[in-house]
Every structure is written in C-alpha cells, then in structure tokens.
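**Student:** The structure is given below, and queries will be raised subsequently.
Every read-out reported here was derived from the displayed coordinates using simple, explicitly stated rules and does not represent laboratory data. Keep in mind it's a predicted model, so treat the numbers as computed, not measured. Neighbour counts are summed over all protein chains in view; Cβ atoms, including those assigned to glycine, are modelled from backbone coordinates with ideal geometry.
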Amino acid sequence: MKKIAVKTLFVLFYLLSLLISGCAASRSELQMAYTGEIKRNSSHDPVSVLFVFSHLNQMEGLDAIPKLENRYRRLSGFDDIFLEAQRELSNLGKYATYVEESSDVNDPAKRDLRDSLMKTMDYTVKMRIEAKKSFSNYFLGGLISTATVTLIPIAYTQNFTVITEVLNSKNEFVAKYERRASVSNWSQLFLIFVYPFHPENRKIEEVYMDFLRDTFRQIESEGVLKKY
C-alpha cells in the first residue's frame, strides 16, 4: 500500500509540475532595419493605397509549404498594430485593406474585388508575413521538458519574416523591403514567476509593430508613395 501511495504522489507531483510550469519570452533585434535618414513627405499630395496582407505559418520539417492562417489563428491585435503603424505615412489618403486566405481560391468574387482595388488605387502595398517553427525543436523540446518535469529550461523559437512589395496601379514593381526577427519562449517550472512580465504574445506584437513601423518609415523617407 505504501508503494502505491508513493507512486500516486509521484504521478500527482509530476502532473502538477507540468500544469504550473511557466514561460518567459524574449525577442531578437529587428534585422535588415532601415538605417537611412528619416524624412517626412507632408508636401506630397495624398495617395490612395491598398494594403494586402498575407499571414502564413509553417512548421518546418512537418509542413511542406507555408500555410495561410485563417482569421482565428492570426494575431488578434494586428488591426490595431496596423492603425498605429500607418501613422508613419504622412501622405496616406484613402486606403483599403485586404487579407488573403486559402479559401480565396474558390471565391472569384473576392479575388475580383482585390484586383479591382489594385487598379483603382494609386498603389498596392503587399505584405507577406511568415512565422516559422522547427518541428524537431518543438518535438524534442517537449520530450525533454516532459521527461525532466520541466526542470530543464527549453526554448521554443519562432522566426518571423515580412516581405513587402510596392506596386503602382498598373501592377508595375516600385520597391521591395524585407525584415526579420525571432521570438523565443522559454518553458521551465520556476518561470511561472517571470511569465506575467514576459508573455510570448506581447513579444510577437512588438515584432509585428517593428516590422510595420520600420517598413513604412523607410517608404516614407524614400518618398515612394507619391502622386504621378
């Protein structure tokens, strides 16, 4: 009976430790950031812009290609981040947003709307935002974390890339930009005391904000969006 009680207590402790393990996230600096002179183009006439966003996710080693995220998996605060970041564009007039989804393949009406907006707006800014994880990292990390009752800290890393293309109303290429950053979420039993101050979602929002702000700041400084 004592052996059974000890085993039961061990199992309960094991499960409890997994349940209360904490996480603490950190992020890298923005790579390929704009380092030129920051200028404002308030003297330029307002331009109309269509912003096309593609949110993709890939588990490398498991997924063959990046998959478009649906509305339930995308970053929930992205619209607020965009509203804040677009303030960097001083001569932004009328604008519209379009979010690409895999279901667009079977929705010609939605595709026609996008194509019509691209022709009527002065510019189209396409932003392809990719989030990539390593399947081996998550699988092996989870295995080690479970086997050691989360006593060994394990880092789960997501690598983010945003590629931005600017096109005019004739669908002609105007400019291209790229930014990269990563977010690592450390999991370990005693990090439960650190988690409230360093949640993963906050770090991801910071990365997205830097992506948009820095890209729009470079577009503004280079005077890309101008009436022609």
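**Student:** Quick one: length gained pulling S169 to H44 fully straight, 0.36 nm per residue minus the C-alpha distance?
**Tutor:** Result for the pair: 43.2 nm of gain on full extension.
**Student:** Students often get this wrong, so check it: of K94/K132; K119/K203; K39/K176; K67/K119; K126/K226; K133/K170, which have C-alpha atoms separated by over 25 Å?
**Tutor:** Exceeds cut-off: K94/K132; K119/K203; K67/K119; K133/K170.
**Student:** Which order, highest average first, do 116-126, 204-214, 102-112, 72-82 follow once you tally other Cβ atoms within 10 Å for each residue and take the mean per peptide?
**Tutor:** Answer by packing, highest mean first, reads 204-214, 116-126, 72-82, 102-112.
**Student:** How much length is gained if the chain between E101 and K226 is pulled fully straight, taking 0.36 nm per residue apart and subtracting their Cα-Cα distance, in nm to one decimal?
**Tutor:** 42.0 nm
**Student:** Tell me the label-point distance for the pair E130, D112, using the 7 Å Cα-to-Cβ offset, in nm and rounded to one decimal.
**Tutor:** Each label point is offset 7 Å from its Cα along the Cβ direction, giving 3.3 nm.
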